[in-house]
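**Q** Before I ask anything, let me first share the structure, which is written out below as C-alpha cells.
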C-alpha cells in the first residue's frame, strides 16, 4: 500500500503507481492530479475526486474499482461519520451504524453486555519483580547496572529514572537481596525465580508483604 498527501511524480512514480489496481483518491484540485492517482482517463470516465468538496467531504474518496457494486468508479465514505448537528443540520450517521452492528450481533448469537461502571483508563501498576525477571534473559546473574539499563529499555516511562537504590528497594520488598560476584553487584535469576514462585504460592500478585502470615 502506498499513501501520500502530496501526489506528484516524486511521491508516486509512474512505474510504481501503474502496478496498483486498487486506487482511492480524496479531494484533489485538478484533473492532472486526479488522473495521476486514479489512472488515466479517470476524469474523462467520470472518476472525479475534483468534485469532492474541500474540508466538507472529509473521509470521502473516489475509488477506481468497487467490488460491492461492480462499477468502474464509486464514492466511498471511510472513517469520518457525523453525529446529528442542529447547527449544520447534519444527519445522525452514527446511530444507524450502531443499530446495524447490534442487530448483526444478535442475529449471529453474540451476547451484548453492558459495560461495567468501574472502567478506568489508568494502566495497571508495573510488576517490578516480573519485569526484572524478564530483563535477566535467563542468565544466571546480571550486573545491576545492566539490569537498570534493560529495565529502562523495557519500560522507559517507569524505569528511566531508576537508580541502584530504587532497584534495591524493589527487590527488598520481595525479600531478594543484591549479591556480589567478582566485586560487582549482581542479581541472580535463581533468587528472582524463587521470589516469583513464593509470591504465586502465597497468592500475592501485587508483591505486598505477607504480614501476619
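**Q** If you take the residues in the range 139-161 that are assigned to a loop (DSSP other than H, G, I, E, B) and at pLDDT below 90, which one is surrounded by the most Cβ atoms within 10 Å (Cβ to Cβ)?
**A** 160
Here's the yes/no breakdown for (1) over 24 Å from residue 93 (Cα atoms); (2) part of a loop (DSSP other than H, G, I, E, B); (3) in contact with a strand residue (DSSP E or B) (Cβ under 8 Å, 6 or more places away or on another chain):
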{"residue": "8", "(1), (2), (3)": "yes, yes, no"}
{"residue": "11", "(1), (2), (3)": "yes, yes, no"}
{"residue": "16", "(1), (2), (3)": "yes, no, no"}
{"residue": "28", "(1), (2), (3)": "yes, yes, no"}
{"residue": "33", "(1), (2), (3)": "yes, no, no"}
{"residue": "44", "(1), (2), (3)": "yes, no, no"}
{"residue": "47", "(1), (2), (3)": "yes, yes, yes"}
{"residue": "53", "(1), (2), (3)": "no, yes, no"}
{"residue": "58", "(1), (2), (3)": "no, yes, no"}
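**Q** Here is a list of conditions, (1) without any contact (Cβ under 8 Å) to a residue 40 or more places away in the chain; (2) surrounded by fewer than 17 Cβ atoms within 10 Å (Cβ to Cβ); (3) under 27 Å from residue 81 (Cβ atoms), and residue 25 meets all of them except one; can you say which number that is?
**A** For residue 25, the exception is condition (2).
**Q** Continuing with this model, one more query. Please pick out the residue among 132, 98 that is at pLDDT 75 or above and assigned by TED's automatic domain parsing to the domain that holds residue 189.
**A** 132
**Q** Looking at (1) modelled with pLDDT of 80 or more; (2) surrounded by 12 or more Cβ atoms within 10 Å (Cβ to Cβ); (3) not in a helix (DSSP H, G or I), which is the one condition that is false for residue 81?
**A** Of (1) modelled with pLDDT of 80 or more; (2) surrounded by 12 or more Cβ atoms within 10 Å (Cβ to Cβ); (3) not in a helix (DSSP H, G or I), only one is false for residue 81: (1).
**Q** Among the residues of the range 7-14, are any assigned by TED's automatic domain parsing to the domain that holds residue 76, surrounded by 14 or more Cβ atoms within 10 Å (Cβ to Cβ), closer than 19 Å to residue 76 by Cα and more than 27 Å from the chain's Cα centre (by Cα)?
**A** no
The values are calculated or read from the model by the stated rules, or taken from the named source; none is laboratory data. Just so we're clear, the structure is a prediction, and the values are computed from it rather than from any experiment. FYI the Cβ positions are ideal-geometry reconstructions off the backbone, even for glycines, and counts take in every protein chain you see.
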